[in-house]
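Scroll down for the structure; my scribbles are underneath it.
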């Protein structure tokens, strides 16, 4: 039987995803070293073409596009990861409680979840940002608020399956409390789909953050890839690089996350365990 790591790392597409994500993580951590100047600082003439002193050119105000790309990676990834962590935490709590207790509690929590799912998620995020005012924290709150329902659905389904197994019934007979059973017996056996869903949710959060920043609802005075695209959209014909460069960064990052998520799904799929 193949191990998890042999199945996961045996997928060549996973290496491509991990390579890009690893590079991106290094760039985000070392942003101040790689681009010591303020990404909002005017360092050259407006809309200078890529090449020479500025490898990726300058924007309409004369800001270094490469510096913006480097610093933007930190903001975009940090907001997306934090939003995903909050969404996974809340969604797991809701799904676990609903699936474990069932009955009226399940009905109430699932109707609450369905209420959030009936509202178009991106429009809901826009409304939340408009109410709370644009900021990095409010971006995290808005994206997490619209992202948790699918997690709750996945966890509920897994808990419904796991709670009927013998080891859970044995824990109940042994007198363990509900919290202990959920944390020690049930939830550890729901991690496989949760990890896959959570990893793919990061890609969705990156797209959501970029779209909100593009519309001017991002964190003020914080450089992000969506902000760069929004700032350069009026100059697409004169300066193609203003939109193309951050757009390609978003494309490659989302693609890399999807490749890794697909590899995780294949590696954690019990039907493939004996292949």
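The values are calculated or read from the model by the stated rules, or taken from the named source; none is laboratory data. It should be emphasised that the depicted structure is a prediction, and the values quoted were computed from it without experimental measurement. For neighbour counting, all protein chains shown are included, and Cβ atoms are generated from backbone atoms with ideal geometry for every residue, glycine included.
Quick one: in the stretch 25-41, which of the residues that are outside any helix (DSSP H, G or I) and in contact with a helix residue (DSSP H, G or I) (Cβ under 7 Å, 6 or more places away or on another chain) is surrounded by the fewest Cβ atoms within 10 Å (Cβ to Cβ)? It would help to see each step written out before you state the result.
Pass one, the stretch 25-41, residues outside any helix (DSSP H, G or I): 30, 35-41.
Now restrict to residues that are in contact with a helix residue (DSSP H, G or I) (Cβ under 7 Å, 6 or more places away or on another chain): 35, 37, 39.
Values: 35: 18, 37: 12, 39: 23.
That would be 37.
Identify the residue in the stretch 158-177 that is in contact with a helix residue (DSSP H, G or I) (Cβ under 7 Å, 6 or more places away or on another chain) and in a helix (DSSP H, G or I) and, among all such residues, is surrounded by the fewest Cβ atoms within 10 Å (Cβ to Cβ). Step through it out loud before you land on a result.
So the first thing to find is which residues in the stretch 158-177 are in contact with a helix residue (DSSP H, G or I) (Cβ under 7 Å, 6 or more places away or on another chain), and the list is 158-160, 162-163, 167-168, 171-172.
Those left that are additionally in a helix (DSSP H, G or I): 158-160, 162, 167-168, 171-172.
Numbers: 158: 21, 159: 25, 160: 15, 162: 19, 167: 11, 168: 19, 171: 16, 172: 13.
Restricting to residues being in contact with a helix residue (DSSP H, G or I) (Cβ under 7 Å, 6 or more places away or on another chain) and in a helix (DSSP H, G or I), the top hit is 167.
Does at least one position in the stretch 118-126 carry a residue that is out of contact with any strand residue (DSSP E or B) (no Cβ under 7 Å at 6 or more places or on another chain), outside any helix (DSSP H, G or I) and under 24 Å from residue 191 (Cα atoms)?
We begin by selecting, within the stretch 118-126, every residue out of contact with any strand residue (DSSP E or B) (no Cβ under 7 Å at 6 or more places or on another chain); these are 118-126.
Then keep just the ones that are outside any helix (DSSP H, G or I); that gives 119-120.
Now drop any that are not under 24 Å from residue 191 (Cα atoms), which leaves none.
No, the stretch 118-126 contains no residue that is out of contact with any strand residue (DSSP E or B) (no Cβ under 7 Å at 6 or more places or on another chain), outside any helix (DSSP H, G or I) and under 24 Å from residue 191 (Cα atoms).
Restricting the search to the stretch 86-105, which residues are assigned to a helix (DSSP H, G or I) and more than 21 Å from the chain's Cα centre (by Cα)? It would help to see each step written out before you state the result.
Restricting attention to the stretch 86-105, the residues satisfying the condition of being assigned to a helix (DSSP H, G or I) are 86-101, 103-105.
96, 97, 98, 99, 100, 101, 103, 104, 105, listed by residue number.
For the stretch 103-144, enumerate the residues that are within 22 Å of residue 159 (Cα to Cα) and free of Cβ contacts under 8 Å to residues at least 40 places away in the same chain.
Those that are within 22 Å of residue 159 (Cα to Cα) and free of Cβ contacts under 8 Å to residues at least 40 places away in the same chain: 103, 104, 105, 107, 108, 111, 112, 114, 115, 116, 117.
Checking residue 262 against (1) part of a helix (DSSP H, G or I); (2) touching a residue at least 24 places away in the same chain (Cβ under 8 Å); (3) crowded, with 20+ Cβ neighbours inside 10 Å: exactly one of these is not met. Which one?
(3)
Does residue 74 satisfy the condition of being more than 24 Å from the chain's Cα centre (by Cα) and either in a helix (DSSP H, G or I) or surrounded by fewer than 21 Cβ atoms within 10 Å (Cβ to Cβ) (or both)?
Values: more than 24 Å from the chain's Cα centre (by Cα): no; either in a helix (DSSP H, G or I) or surrounded by fewer than 21 Cβ atoms within 10 Å (Cβ to Cβ) (or both): yes.
No.
Which residue, of 195, 151, is surrounded by fewer than 18 Cβ atoms within 10 Å (Cβ to Cβ) and either closer than 27 Å to residue 78 by Cα or modelled with pLDDT of 85 or more (or both)? Talk me through it step by step, then tell me what you get.
Numbers: 151 fails: surrounded by fewer than 18 Cβ atoms within 10 Å (Cβ to Cβ).
Only one candidate passes the filter, namely 195.
If the requirement is being without any contact (Cβ under 8 Å) to a residue 24 or more places away in the chain, part of a helix (DSSP H, G or I) and closer than 20 Å to residue 148 by Cβ, which of these qualifies: 207, 200, 191? Steps first, please.
Details: 207 fails: without any contact (Cβ under 8 Å) to a residue 24 or more places away in the chain; 200 fails: without any contact (Cβ under 8 Å) to a residue 24 or more places away in the chain.
Only one candidate qualifies: 191.
Which number in (1) touching a residue at least 24 places away in the same chain (Cβ under 8 Å); (2) crowded, with 22+ Cβ neighbours inside 10 Å marks the one condition that residue 229 misses?
(1)
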